[in-house]
Structures are given as structure tokens and as C-alpha cells.
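Student: Quick one: this structure, given as C-alpha cells, is what I'll be asking you about.
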Amino acid sequence: MKVHKDSHGPRVLVLGTGGTIAGRAASSDDNIGYVAGQVGVAELLAGIEAPPGVALEAEQVAQVDSKDMEFSIWLALAQRCAQALADPTLAGVVVTHGTDTLEETAFFFHSVLGALKPVVLTCAMRPASALSPDGPQNVRDAIAVASTPGAQGVTVVCAGVVHAAQDVQKVHTYRIDAFASGDAGPVGFVEEGVVRLAKPWPERPTGAPPSIPDWPRDADPPRVEIVFSHAGARGDLIDSLVAQRAQGAPGAISGLVLAATGNGTLHREIEQAAARAQAAGVRVVRATRCPQGRILAKPGDTIDDAGALGPVKARIRLQLELMGTTGC
Ligand code: SIN
């Protein structure tokens, strides 16, 4: 499906994937009892005035509640983005997405696309059927970012704030300003369709060149699980995951992210089980449970750390590492 709202450039491609932004509830005063992923992206755009001179095109790539996001959808999206970004006439891409795993999709794109043009993910906390939905303004703001000369990299736009993919995190369950960038702070703000930068646009990640377009859509990524370290933690969950691997069970783990306390510390039971996992050939990484700050490595650390990445992004980075693409 394609929607041309204006025949003049710059062109922005809007890819729909579902989420609350495309959600419908039975009543306009219901902001939580909706079904996500009901309204098509063309319909979402129908009520939105494109910025002057900007030509919009829309494609529906998926229609899911983002809690059910899958690697295959990431691949389809990333491949479509890569193809679109290679078109010299295209200014940028906007992706409408659920809020729940938005930071994961954004980080995946950041890691694999090497985007020099803007790829802007946006969302909503209220369904399209709400009395006062936040989606239309967010989409309008995301299009403003995607068509801003000089904009680059993977960002998330929500409630007038532009966040870098590597920093953004969903921090609120209900408020429309649901995202934050932690210590790093936002990239900037969108005010009446104009971007005000607070810092430079995100750099493309360093490391191996992106290889995303070559991956088959049905590729099964290496299984990487996240295990929390917490008061009273036990290591038997890790041991049973490692035992499945030893038995050659299909889809057994290749990697483990330990959601660690504070500066990367682990309950002794988890630490001992992690050592057994490493000895069995599982790649283990620590990521802090803290929403802000980074793990500061210490002499004698025996398990690598993910720096400032939280557990869900550390999991993606580890999957890409195990697939042979460093990402960032
Ligand atoms: C989803 O993530 O798809 C549903 C929740 C939301 O978009 O806020």
C-alpha cells in the first residue's frame, strides 16, 4: 500500500508495525482496554498534515502488539529500511511501533543499519480511538525529524522529545511522555514542527559493516536468555539452560545476559552458575539492572560487561556478536 500526500520532495517513507498507536478500544474514554495493531498505517496518516513540501509514502510491514515482536519482523523491517535508505531521493524513514519493545527495535536498527539518513521510530501511549490520542502528533513530529536536513541515525520520537536509540528506555507505564534517555539526555526536541538539537545527531556505530540485507528472513538468531540477579537468587535456572545445551536440544542457549545489581554485581549463586555456563561454552555478559549509569569494569572481573546497555539491549548486542556482526 502506498499513500502519496504530496508530489514534491523531500520524500519520507512511513512503515507501520502496529502497537497502541494503531490500537482501537470500544469506547473513546478507554485508554487501556484496547487491542493494539488494528489501524493501518495509511489510515493513521490520513488525518495528519504532512509538513510543507514533504511527500509521504506508507507501507504496512507488520501489525502486532510489540510485546510479541519477533526477530523475523526486525529483519523484514531492517531490510526494507536498508533498501529505502539506499534511494537517493528518500530523506528518511519513520516507523510506527508499539512502545513496549520500541527501545529494542531501535537498538537493533542502530546496530545493523549504519544509518546515515534518519530512521525515526514513533509510537503512542493512547490508542487511535482515544478521545485525545497522542499518536498523530508523535507521527507528525517523527516526520519533521525524518525530513530535517542533516538529521541522521536511529532515533525515537515521543511526546516532542528525540532520543538516541542507544540511550532510550521506556520508563513509564501510562504517561504519554513515557521515554527517557538517562544520563545521556535527549538528542533534542520537536517544537511546532522544528527540531531543536540538544546535542549532535547519533553517530553510526563503529565496528563491522552492517550485513543485515544478506540475512535470510527465516534465520533463527542464536538464543540468548536474560537471567536476573536478585535477593535470594538461585543458579539452577542457568544450570538447566546449560544442561539443555549439553543435551544438544534444538534452540538451546548460546548466550546469557545476567541482569546484574548496581555496578555489575551478582548474587554468589548466579555468579557460580555463570562460571559453570562459561566453562560449558556459553557466552555470558553482565548488564546492570539500574536504569541509569554504566558498569565500570574492575580488575579481576571474570564476566564481560555491557557498559551502559541495559539487559534487553545487551541481549541484542550479544545475539549480533554471536551472529558475527558486532553492531556497535
Ligand atoms: C505495544 O507495545 O504494541 C502495545 C503498547 C504500546 O504501544 O504502548
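Quick note: the coordinates plus some simple rules give every number you see, no bench work behind them. Model, not experiment: these values are computed from the prediction. Cβ coordinates were reconstructed from backbone atoms using ideal geometry, including for glycine residues, and neighbour counts include every protein chain displayed.
Student: What do you get for the angle between helix 311-322 and the principal long axis of the chain? Use alpha-carbon atoms, 0 to 90 degrees, nearest ten.
Tutor: That works out to roughly 80 degrees.
Student: Now for a different question. Determine the shape class of segment 11-197: with a ≥ b ≥ c the square roots of the Cα gyration tensor eigenvalues, call it rounded for a/c under 1.5, and otherwise prolate if a/b is greater than b/c, oblate otherwise.
Tutor: Values: a/c = 1.30, a/b = 1.28, b/c = 1.02.
Judged from the Cα gyration tensor, segment 11-197 comes out rounded (a/c under 1.5).
Student: Using unit Cβ charges (K, R positive; D, E negative) and no other charged atoms, how large, in debye to the nearest 20, is the dipole of the chain about its Cα centre?
Tutor: Working: 28 positive and 34 negative charges, 106 e Å.
Computed charge dipole of the chain: roughly 520 debye.
Student: Please build a GNM for the chain, connecting alpha carbons under 10 Å apart, and tell me which residue among P216, P136, P299 fluctuates the most.
Tutor: P299
Student: Determine the percent antiparallel among the DSSP beta bridges restricted to the chain, to the nearest 5.
Tutor: On the way: 14 of 50 bridges.
Taking every DSSP beta bridge within the chain, about 30 percent pair in antiparallel fashion.
Student: Quickly rank 244-250, 185-191 as a protection proxy: mean count of other C-beta atoms within 10 Å, highest first.
Tutor: Numbers: 244-250: 10.7, 185-191: 19.0.
Highest mean packing first, the order is 185-191, 244-250.
Student: Rank the residues L90, L320, L237 as a footprinting-exposure proxy: fewest other Cβ atoms within 10 Å of their Cβ go first.
Tutor: Working: L90 19, L320 25, L237 14.
So the ranking, lowest neighbour count to highest, is L237, L90, L320.
Student: Can you tell me the Rg and Dmax of segment 225-328, counting just the alpha carbons, in angstroms?
Tutor: In order Rg, Dmax, the Cα atoms of segment 225-328 give 13.0, 39 Å.
Student: Under the √(5λ) rule applied to the eigenvalues of the Cα gyration tensor, what semi-axes describe the equivalent ellipsoid of segment 79-121? Give them in Å, descending.
Tutor: Numbers: eigenvalues 73, 24, 11 Å².
Over the Cα atoms of segment 79-121, the semi-axes work out to 19, 11, 8 Å.
Student: Still on this structure, please answer the following. Per-residue counts of other Cβ atoms within 10 Å, averaged by peptide: what ranking do you get for 114-122, 25-33, highest first?
Tutor: Numbers: 114-122: 24.0, 25-33: 13.1.
By packing density, highest mean first, the sequence is 114-122, 25-33.
Student: Number of Lys-Lys pairs in the chain under 18 Å by Cα, sequence gap 8 or more or different chains?
Tutor: Numbers: K67/K170; K67/K313; K117/K199; K170/K313.
Lysine pairs satisfying the spacing and distance rule in the chain number 4.
Student: If you find the alpha carbon centre of segment 287-304 and of segment 59-89, how far apart are they in angstrom?
Tutor: So the two Cα centres are separated by 32 Å.
Student: What is the distance, in nm, between label points placed 7 Å from the Cα along the Cα-to-Cβ direction at Y174 and at T265?
Tutor: 3.4
Student: Same structure, new question: Sequence gap at least 6, Cα distance under 8 Å: using those rules, report the relative contact order of the chain to the nearest whole percent. Write down the numbers at each step before the final one.
Tutor: Working: 782 pairs, mean separation 48.5, N = 328.
Worked out over the chain, it gives 15 percent.
Student: If you don't mind, there's one more thing I want to ask. Using 0.36 nm per residue of separation minus the Cα-Cα distance, give me the extension gain between E43 and E192 in nm, one decimal. Walk me through the intermediate numbers first.
Tutor: Details: separation 149, 0.36 × 149 = 53.64 nm, distance 2.27 nm.
So the extension gain works out to 51.4 nm.
Student: Take the alpha carbon gyration tensor of segment 1-106, find the square roots of its eigenvalues, order them as a ≥ b ≥ c, and report rounded if a/c is under 1.5; if not, report prolate when a/b exceeds b/c, else oblate. Kindly include the intermediate steps, with their values, before the conclusion.
Tutor: Numbers: a/c = 2.61, a/b = 1.33, b/c = 1.96.
Taking the square roots of the gyration eigenvalues as a ≥ b ≥ c, segment 1-106 is oblate.
Student: So, one more: Please check: in the Gaussian network model of the chain (C-alpha springs, under 10 Å), which one of G135, G262, G16 has the largest mean-square fluctuation.
Tutor: Among G135, G262, G16, the largest GNM mean-square fluctuation belongs to G262.
Student: Using only DSSP helix segments of four residues or longer, with each worth -39500 (n - 2.57), what per-residue ellipticity at 222 nm results for the chain after dividing by its residue count and rounding to 500? Before the final figure, lay out the partial values.
Tutor: On the way: 7 runs with 80 residues, N = 328.
That comes out to -7500 deg cm²/dmol.
Student: Now a separate question. I want the antiparallel fraction of DSSP beta bridges within segment 76-216, as a percent rounded to 5. Working shown, then result.
Tutor: Working: 12 of 21 bridges.
The antiparallel fraction comes to roughly 55 percent.
Student: Is the chain rounded, prolate or oblate when judged by the Cα gyration tensor, a ≥ b ≥ c being the square roots of its eigenvalues, rounded requiring a/c under 1.5 and prolate requiring a/b larger than b/c? Please report the intermediate quantities before stating the final value.
Tutor: Values: a/c = 1.86, a/b = 1.75, b/c = 1.07.
Judged from the Cα gyration tensor, the chain comes out prolate (a/c at least 1.5, a/b above b/c).
Student: For segment 67-132, which GluC sites (Glu not before Pro) are in a loop by DSSP, counting at most 13 other Cβ atoms within 10 Å?
Tutor: Values: sites: E70, E103, E104; in loops: E70.
The qualifying sites are E70.
Student: Just want to confirm a number: the relative contact order over segment 223-323, from Cα pairs under 8 angstrom separated by 6+ residues, in percent.
Tutor: Reported relative contact order: 30 percent.
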